[in-house]
Structure formats: C-alpha cells, structure tokens
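Notes follow once the structure below has been shown.
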Amino acid sequence: MAQPQTMDQAAAPEAGAQQATDMTLSVFRGDATAGEEREYRVPVGPGMVVLDAVHWLQANVDSTIACRWNCKAARCGSCSADINGHPGLMCKTRLDDFVGQVVHVRPMRTFPIIKDLVTDVSWNYKVAKQIQPFTPAQPAPFVMYQRDVDRGQEFRRCIECFLCQNVCHVLREHSGMDRYFGPRFMIKIAELEMHPMDTADRVDLLAGGGGLGFCNITKCCQEVCPEHIHITDNAIIPLKERTADRYWDPIRRLFRRRRTG
Amino acid sequence: METGMDSIERFEYDVLVLGAGGAGLRAAIGAAQDGVRVAVICKSLLGKAHTVMAEGGVAAAMGNVDPADGWQTHFYDTMRSGHFINNYRTAEIFAKEAPDRVFELESWGALFDRTPEGKIMQRPFGAHTFRRLCHVGDRTGLELIRTLQYKGIHCGIDIFQEVTTTRLLKDGERVAGAIGYERESGRFLLWRAKAVVLATGGWGKVYKVTSNSWESTGDGAAIAYRADAELQDMEMVQFHPTGMVWPPGVRGILVTEGVRGEGGILVNAEGRRFMQDYDPKRMELSSRDVVARSIHKEVQAGRGTPHGGAWLDITHRGAEFIRRKLPNMYDQFLHLADIDITKTKFEVAPTIHYTMGGVRADPETCATNVPGLFAAGEVACGLHGANRLGGNSLSDLLVFGRRAGEAAREYAMGLTVLPGVDDGEVRLEQERVLRPFAVEAGENPYQLHAELQQVMGEHAGIARDGASLQAGLDKIMALQERAGRIGVSGSRMYNPGWHTALDVGNMLLLCEAIFRGALAREESRGAQWRTDHPDELEDFGRINFVEYRDGDTMRLKTYPVSPMPPELAALFASDVAPGLATAPAVGPAAGGRE
Ligand SMILES: Cc1cc2nc3c(=O)[nH]c(=O)nc-3n(C[C@H](O)[C@H](O)[C@H](O)COP(=O)(O)OP(=O)(O)OC[C@H]3O[C@@H](n4cnc5c(N)ncnc54)[C@H](O)[C@@H]3O)c2cc1C
Ligand code: SF4
Ligand code: SF4
Ligand code: FES
C-alpha cells in the first residue's frame, strides 16, 4: 500500500488538522458480475466527509476506485451511496458521525452496478422523457404570486440524487421499474400539475403508465431526501386525490369537465 | 467500422455541442430546429454540470423592483467592472437580451421568487447599480439547469452522458467533429459534424482553494487551443471574496454573494467593518476583485480571523428570513461546519471562482477564429473583461448559448457535405489517450494535480509579481515535462486515475497560459493585481493578450480593444450610472441599505 503522505488534493488531513486519526473504510469493489468490500485505513481530519476519504484513497492508495461526484457541496446529487446501511450523499456525510466504527460504503442498491460505487441510473432519464413538459397557454412574463409558486419551488429543490428511487420498495423489491415512475417523478409531475400556468393534463399518465397506484405511502422516500422535500405528504397524496377524483368519482369528474369547459 | 489500434464507434451530426451546462443546453435547444441533427456531449450525468452550483442569481435589467434599471445601466456596470477590456459589443448585446432570456426560462417552467406584485423578484448584488438578480433562494443554478434540461430532452437532441471529449478533428482549417471516450467502458467514440459549439466551462480546478466542481478542468479551452483557437485574457482569474474556511475539508466551498446581497456585513478580527476603509460607497457590495483584495489585505495586516479570513455576519436579519432566503447556506454551514449562521458570524476567505479568459469569440455569433467552431459560456471570452460581475455568468450562458446554437445551426445548414476526417489523426489521438496505461512506475496524476495547484496558489494568487510569476511558469513547464510520463493502472472501465491523467494535461496547458498573460500584463487591472505594477495603465486598457499555438510552442500576441461608438462612450461621461440620477432612493448604490 502506498505511503499515506499528506497530499491534500482530496482535502484530506493537512497542516492545521492536527488531531488526524485513522479510520477504517470498507468500500465495495467490483462490477456487475462480482464484487466484495475491501478495507482501507484513512487518516481523518476535522470535518472530513465520506467523499473526502474516497478521494484520499484514489489519490494515495488505488486510483481505480470508481465513484461519481461533481460539486462536493450537496448541490448536484451525484454522490449517492449506501453508508453504513443508510442511503445518503457521500459529500454530506461526516466521518466523525462514525467514530469508533468501520464505515461501510456501498453503491445504491436498486440500480445495476457499473463499477465500485457507480451505478447505472439511466432508467431515470428514460422515465423523465415520458412526462409531458410544462405547457403554458401563453409565453412569460407571468403574473404569479409567491404563494402560487411555493409548492412548486419545494419540488424543484430536487437535486436528482435518486436516493428516493433507491429506497422505494416498489422499485427495489418488486422490480417495479416497468410499472411505477418512482417518487422523484411523482414530485416532477406534481410540480407541473400544480404550476399555475400549466395547461397539460397528466392525470391519465399517473393512473396508467406512471403507476401512482403502486405507491402505498410508506414514506421511506421522504425520509431519505437530502433536500427535505415532503414527497409523500405534499406531492404523492395530493396526486392520489386528484387521480381518485378523476377515476372514481364520476360526478366530480363531470363537474370538473364542465368547469374547465 | 475499425480504425487502427482500437475499435471506435462513429456518429454523424450537423451540430455537436460539447458541454451540458447552461451554455451547452441553451445552445443545443437553439440549434435543434429545422431538422438539424444535434448531439450534446457531457462529462457528467445530465443535470449535474457545474452550472447546478450557481447560487445567487441571474442578472437581467428588467427593472421589476427598480424601474429605473435598463440595459444601459447593466451595460455600464458590466464594462466598468471589466475595466474596459471587455468587448463592448458583447456587453451591449448581453445587456439588451438578458431579460428576454430569463422570461424564456419562465416560459419553460422556471419558478423564480416573486415580488408582491407577482413579478420575478430581483436582489442586489456586488457592483450592480440596481437590484437586478432574478433568483430562486440560493439555488438559481439548479433552477436554470433543470429548466433547460427538461426543455432539452423534448427537443429531439441526442445526449451522450459521461463521455469525455479529448480532441477536435479538423478538415484543413475547418472543424470536422470530435473524438472522445465513454467513462463507463473506456470505449472511443467519434462524431463527425459540420459545426461544433464549445460550452465546456472554466478551469477553476487549477487552484486548490476553489469553489468549482471537478469538471472545471478546462478541457474545452485546451482542446480548442490545440485545434488552433485563440485564448484571450487568460491572466484574468476571479477570486470570489467569500469561500468557506474551516474545517479544512470544506475550504473553498462557496458562500454566495447573496449573503451580502441580503445584508450580511464583513468585519475583521478587531470587529471593524473594514470595507469602509476600501470602498465606503459600496461597502460589502463592491466588486469582487475589490472585496477579495480587501480581505487579503486585512489578513496580511494581521487582522484576520483564526483561520486566516474575515467574519461574515448576517444574524441581524433574523432566523426566519435567513432560512427562507438562504436555505442552502444555512444547511451547508450546519452540516459541514457545525455552525448556525442565524445565530453566529462565520469565517470566510477568498476562493477561486471563475475564469474570465477563454476562447476569443465573436459578439454576434460566438464564432471563434476556427471555421465551424463556436464558443459560449465560461469557456468563451469577451464579455467580462478583467472582472466578472456576480450574476452575469448565468445570463451570459443564456444569451450567448442561444446565439452560438443558432449561429452553428445556420453555419451547418450552409454546408452541403460533412467535412472529412483524417484516420491518421484519429489513430494518433487514440494512442495519446491510451499512453498512460503503457507507462510503468510513472508519475501519479493526482500528485501532479496537487503540485500544479500548489504552484498556482503560490505564484498566481491574488497578489502577483513578475519574479514570482516567472518562477511559477518555470515550475509549470517542469510539470508539463513530468506529465508526459504519467502512468495509470487498471482497466479502461470507469477509471478515475486515467481520467485525471488526461485532465492534468489540459490544466497544465491553461496554467502556462495564465502565467504568460499575467507576466505580459505589467499593470494592475480588475482581478490582476501586480504588486510590482500597482497602477492601472491606459496603454494596457487598449489591448487584450491572446495566446495561440505555434507547433508545440505557446505564443503571445495582442489585439486592440475595439473602441465604443460615441453613443455608448457617452454613458461613461459622468461618474453616475445611467438611470441613477432619476432613480428613487431604493437601490443599494442609492444608500437604501443599512
Ligand atoms: C459555487 C458557484 C456559484 C456560482 N453562482 C453564480 C451565480 O449566482 N450567478 C452567476 O451568474 N454565476 C454563478 N457562478 C458561475 C457560473 O455558475 C458558471 O460560470 C457557469 O455555470 C458556467 O456554465 P457553462 O455552461 O459555461 O459551463 P459548465 O456549467 O461548467 O458546464 C460545462 C459542461 O461541459 C462539460 N465538459 C467539460 N469538459 C468536457 C469534455 N472534455 N468532454 C465533454 N464534456 C465536457 C461538462 O460535463 C459540463 O456539462 C457560480 C459558480 C460557482 C462555482
Ligand atoms: S411512499 Fe410511495 S414512493 Fe415513497 S417509498 Fe413508499 S411506496 Fe415508494
Ligand atoms: S426527491 Fe429528494 S431524494 Fe428524490 S431525487 Fe430529489 S432530492 Fe433526491
Ligand atoms: S458531489 Fe454533488 S451532491 Fe455530492
């Protein structure tokens, strides 16, 4: 193993980080065919996050360890992983949360593994394409008040880390990817449906190919969201109500039709 | 189809866009009309580009909160901040078109913060005369990229994600396409194209203390230079005054200017609000070069904070306000630094933020000197001069992304046949890209990256002088030698060591360009502060330094800055910004803040 010299390319222990101690990181190494966790010792300085440790390993021990990242500031949603059993962002998970423990870093579980910590999330991009885009009646500028956009803005905080997709049992355990778009795209649809200027109708999509009915409101998605979006409470439940109105309540359905002319 | 040593998959397009940040996506949307076939190539997944990190806002003089604002004032602020080496025509087009580009985002689904009247809200920002930055809390870049991403996927554009371009191909003088590799497999891809739009962003990763994402290694600028494009104003590198300082792992992460825009004040270790000593008129909202230098000077004078910065304090705005207007900042400090910014002041220090220099581009079409090659966004040069105004980058991406895309489309439609590709050139490039695998016990790419960052921090920082710049250049040249012997191990599948090896080659080239420009510009102007030439000199205000390739040698030449026509020059006749004399006293420069 290479000598762990002080090379702060990966923002690892540097001068000033006096009380650097070692921790053990157990990282999944492998690809779609096979793999196992491998243990590494990493020097840890104050405030270091899991991503720093992985970078330190790449720079000093094994430059072939694959992981995705971009911003290292919890903005881009690239670095999702399973850290000691909890799905989270590697750049937002502090190592000092795990003092005295081995830190197990594994790829997200629901998506096929490409290599090490990198998974194939391309399915999400295919789903995104199936959702009818924002369709305003006229071009901007719009008059919209803050209260009209508050809810949409909540959903638009989404950084597409796909952690919610990763924990949703419909997608994970019942290989429901052909039946359900998953929580990320429920908030996408909710955002569009609740946009004051949108004229499109995605309710049939929700009830059909979108698979909203498969969600049984376990709220696991909401719990892992690093952006604290109330996925189930503010998006899925209202969408379910909307779909139920349309499909199960013929009188309201008629009423709605007449209203919208 | 096989070419030489390694299989390669081939594609054909009319317009190829390199980059899926704001500029690349807007260019692709602009190009994909009239049946023109467009592909976008990006190093990361779609929607993850560096642009996603932008926080404070997008500058556009729509006058929603300060009706006296208008394009003339935005133009005026942009030229003044750029210390007049910007291309005036680029700045004029920019200021005139920015509002429409922001409205267009709204038409495509963006949800900006609103004024009480239901219009797009605008916040004050450093050196903008009026409140001008349209924003969504402190996550404006995310809003911009998501809007363009979801517009783009319905425009019939092919998107190659996690694919790195390594070279532009040429047919004589003309651009003919590009070659690259897929990160997942390491396989080569080749795109023949009639026109190429370069939108690959900046190179903030050549510094260690940086706010930039990993992608900012300047690939596009380096690739363009190797294809004989001209690089301009490379010495102009922006230090953002406020990056995080402590703990070490977060050093450099941005603290948005929005904190000061929303009323945050800077104080030194002695508790003095020191900006009153440097720019009493604009205080914390002075231009970035001034604020960054002021913090630097305070630290040099021994009045720095425990970890070598200044205190930033916004507690007086109250917890509710801070959490609503700056939610990411609140979260970022709480999570990464155990600091609650609603309760306590925090340390900040300058961090590398933006590269004003880049590929010289035409104001109207974004065309470069290489026929068929267009450049937009941070990789391009012309708009910002010696110092970029906050918020001007996001509108730059929109205005010139669109122009580059549309110009590339028109250019492509004017060509009847695809330019030819030289298989020999392709084979040489494949050899170059794969070389690190053949080197045994070679140089460690991460080590070289760390060393080049060290050199840049030491010799091309905020304060520069001739002797130190020369020493830095010598060190970079020595690192370039060593980079020829970089070795990597493992397979071509998703191999970060290999990727870094290629990035380092690009970064070293741009480091050289930064040093050469900084040495030649024997004056202080905007972001360039030469302690051995502390004054801004009229003669240097009339030229841009341009670097170009001569075989394997980098050469430097100058172009004259084109003079403004009389009606624009007249805007600068008095010291008062246009619109200000008649403006109600609400803008920051009008003394409307405490
Ligand atoms: C933290 C932070 C906050 C900021 N806040 C603001 C703000 O509030 N307002 C503002 O105006 N500006 C802001 N900026 C600046 C602004 O975000 C950037 O200048 C701008 O986003 C650059 O956009 P771009 O489209 O030119 O390139 P980028 O967004 O950098 O995108 C570059 C694209 O090129 C691709 N690419 C690069 N190399 C290759 C290659 N070899 N092959 C294929 N693809 C490649 C990348 O994958 C990426 O898709 C901020 C910057 C930072 C870092
Ligand atoms: S609430 Fe619905 S979407 Fe969320 S995890 Fe449970 S089943 Fe999946
Ligand atoms: S909703 Fe939350 S968890 Fe799901 S992708 Fe978006 S940010 Fe990630
Ligand atoms: S690297 Fe961007 S979210 Fe972690």
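Among helices (runs of 4 or more DSSP H) entirely within the range B:198-295, having at least 2 residues that are farther than 17 Å from B:Trp311 by Cβ singles out B:219-226, B:258-261.
Annotation: B:Ala95 fulfils all but one of (1) free of Cβ contacts under 8 Å to residues at least 60 places away in the same chain; (2) within 14 Å of another protein chain (Cβ to nearest Cβ); (3) out of contact with any Ser or Thr (no Cβ under 6 Å at 6 or more places or on another chain); the unmet one is (2). If you check B:Asp233, B:Asp313 for being acidic (Asp, Glu) and surrounded by fewer than 22 Cβ atoms within 10 Å (Cβ to Cβ), only one passes: B:Asp313.
Just to be sure, is B:Ser211 touching a residue at least 60 places away in the same chain (Cβ under 8 Å) and buried (at least 24 other Cβ atoms within 10 Å of the Cβ)? Yes; evaluated as a whole, the condition is true for this residue. Looking only at residues of the range A:29-62 that are outside any strand (DSSP E or B) and more than 25 Å from B:Ser211 (Cβ to Cβ), we find that the one that is farthest from ligand 1 (Cβ to nearest atom) is A:Ala34. Considering only residues in the range A:154-178 that are within 16 Å of ligand 4 (Cβ to nearest atom) and more than 14 Å from every other protein chain (Cβ to nearest Cβ), the one that is farthest from A:Asn216 (Cα to Cα) turns out to be A:Leu163. Counting the residues of the range B:519-559 that are among the charged types (D, E, K, R) and part of a loop (DSSP other than H, G, I, E, B) gives 8.
Quick one: is B:Ala337 among the small types (Gly, Ala, Ser), surrounded by 21 or more Cβ atoms within 10 Å (Cβ to Cβ) and in contact (Cβ under 8 Å) with a residue 12 or more places away in the chain? Considered against the rule, which asks whether it is among the small types (Gly, Ala, Ser), surrounded by 21 or more Cβ atoms within 10 Å (Cβ to Cβ) and in contact (Cβ under 8 Å) with a residue 12 or more places away in the chain, B:Ala337 comes out as no.
For A:Gln132, the conditions (1) more than 14 Å from ligand 3 (Cβ to nearest atom); (2) over 24 Å from B:Gln161 (Cα atoms) all hold with the exception of (2). Just checking, does the range A:52-64 include any residue being within 7 Å of chain B (Cβ to nearest Cβ) and touching a strand residue (DSSP E or B) at 6+ places or on another chain (Cβ under 7 Å)? So far as the range A:52-64 goes, no, none of its residues is within 7 Å of chain B (Cβ to nearest Cβ) and touching a strand residue (DSSP E or B) at 6+ places or on another chain (Cβ under 7 Å). Scanning the range B:375-392 turns up at least one residue that is within 29 Å of A:Asp52 (Cα to Cα) and of a type in the set (D, E, K, R). Residue under question is B:Arg89, and the condition is that it be within 14 Å of chain A (Cβ to nearest Cβ) and of a type in the set (Lys, Arg); does it hold? No, not satisfied. Just to check your reading of the model, which residue among A:Phe181, A:Phe142, A:Phe134 is assigned by TED's automatic domain parsing to the domain that holds A:Pro196 and under 18 Å from the mean Cα position of the chain (by Cα)? One residue alone meets the criteria, A:Phe181.
Evaluating B:Leu133 against the criteria (1) within 18 Å of B:Asp503 (Cα to Cα); (2) in contact with a Lys or Arg (Cβ under 7 Å, 6 or more places away or on another chain); (3) away from every other protein chain (no Cβ under 14 Å); (4) near ligand 1 (Cβ under 10 Å from one of its atoms) leaves one unmet condition, (1). For the range B:168-175, the criterion of being farther than 26 Å from B:Gly385 by Cβ and surrounded by 24 or more Cβ atoms within 10 Å (Cβ to Cβ) is met by at least one residue. With respect to A:Thr119, determine if the residue is polar (S, T, N, Q) and away from ligand 2 (no atom under 16 Å from the Cβ). For A:Thr119, the condition - polar (S, T, N, Q) and away from ligand 2 (no atom under 16 Å from the Cβ) - is met. So for the range B:375-383 (the condition being of a type in the set (A, V, I, L, M, F, W, C) and more than 30 Å from B:Glu522 (Cβ to Cβ)), does at least one residue qualify? Scanning the range B:375-383 turns up at least one residue that is of a type in the set (A, V, I, L, M, F, W, C) and more than 30 Å from B:Glu522 (Cβ to Cβ).
In the set (1) modelled with pLDDT under 95; (2) over 15 Å from A:Phe162 (Cβ atoms), A:Ala74 fails one condition alone, (2). Do we have A:Leu206 as within 14 Å of ligand 3 (Cβ to nearest atom), part of a helix (DSSP H, G or I) and aliphatic (A, V, I, L, M) here? So A:Leu206 does not fit the description; no.
Screening B:Ile486 against (1) away from chain A (no Cβ under 14 Å); (2) within 23 Å of B:Ala441 (Cβ to Cβ) leaves a single unmet condition, (1).
You will find that of B:Ala59, B:Ala20, B:Ala68, the residue that is of a type in the set (Gly, Ala, Ser), under 30 Å from B:Leu326 (Cβ atoms) and within 14 Å of another protein chain (Cβ to nearest Cβ) is B:Ala20 and no other. Would you say A:Pro133 is away from ligand 2 (no atom under 16 Å from the Cβ), over 25 Å from B:Pro327 (Cα atoms) and either small (Gly, Ala, Ser) or assigned to a loop (DSSP other than H, G, I, E, B) (or both)? Yes; evaluated as a whole, the condition is true for this residue.
Taking the stated definitions as given, is B:Arg303 without any contact (Cβ under 8 Å) to a residue 24 or more places away in the chain, in a loop (DSSP other than H, G, I, E, B) and not aromatic (Phe, Trp, Tyr)? So B:Arg303 does not fit the description; no.
Under the condition of being touching a strand residue (DSSP E or B) at 6+ places or on another chain (Cβ under 7 Å), assigned to a loop (DSSP other than H, G, I, E, B) and hydrophobic (A, V, I, L, M, F, W, C), the residues counted in the range B:76-129 number 4. Number of residues in the range A:150-172 that are touching a strand residue (DSSP E or B) at 6+ places or on another chain (Cβ under 6 Å), within 24 Å of B:Ala54 (Cβ to Cβ) and not in a loop (DSSP other than H, G, I, E, B) equals 1.
The rows are residues; the columns are (1) surrounded by fewer than 22 Cβ atoms within 10 Å (Cβ to Cβ); (2) away from ligand 3 (no atom under 16 Å from the Cβ); (3) under 23 Å from B:Gly490 (Cβ atoms).
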| position | (1), (2), (3) |
| --- | --- |
| A:Glu39 | yes, yes, yes |
| A:Pro46 | yes, yes, no |
| A:Ala53 | no, yes, yes |
| A:Asn60 | no, yes, yes |
| A:Ser63 | no, yes, yes |
| A:Ala66 | no, yes, yes |
| A:Pro87 | no, no, no |
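Taken over the range B:29-55, the criterion of being away from chain A (no Cβ under 13 Å) and assigned to a loop (DSSP other than H, G, I, E, B) is satisfied by B:Ala32, B:Gln33, B:Asp34, B:Gly35, B:Val36, B:Arg37. Can you say whether B:Glu184 is among the acidic types (Asp, Glu), within 8 Å of chain A (Cβ to nearest Cβ) and assigned to a loop (DSSP other than H, G, I, E, B), as far as the supplied structure shows? The answer is yes for B:Glu184.
Within the range B:530-544, being of a type outside the set (Asp, Glu) and under 13 Å from B:His83 (Cα atoms) holds for B:Leu537, B:Phe540, B:Gly541, B:Arg542, B:Ile543, B:Asn544.
Filter the range A:209-246 down to the residues that are among the hydroxyl-bearing types (Ser, Thr, Tyr) and either part of a helix (DSSP H, G or I) or at positive phi (or both), then identify the one that is farthest from ligand 3 (Cβ to nearest atom). Filtering first and then ranking leaves A:Thr243.
The values are calculated or read from the model by the stated rules, or taken from the named source; none is laboratory data. Owing to the predicted nature of the structure, the values given are computational and were not obtained by experimental measurement. We place every Cβ from the backbone using ideal geometry, glycine too, and count neighbours over all the protein chains shown.
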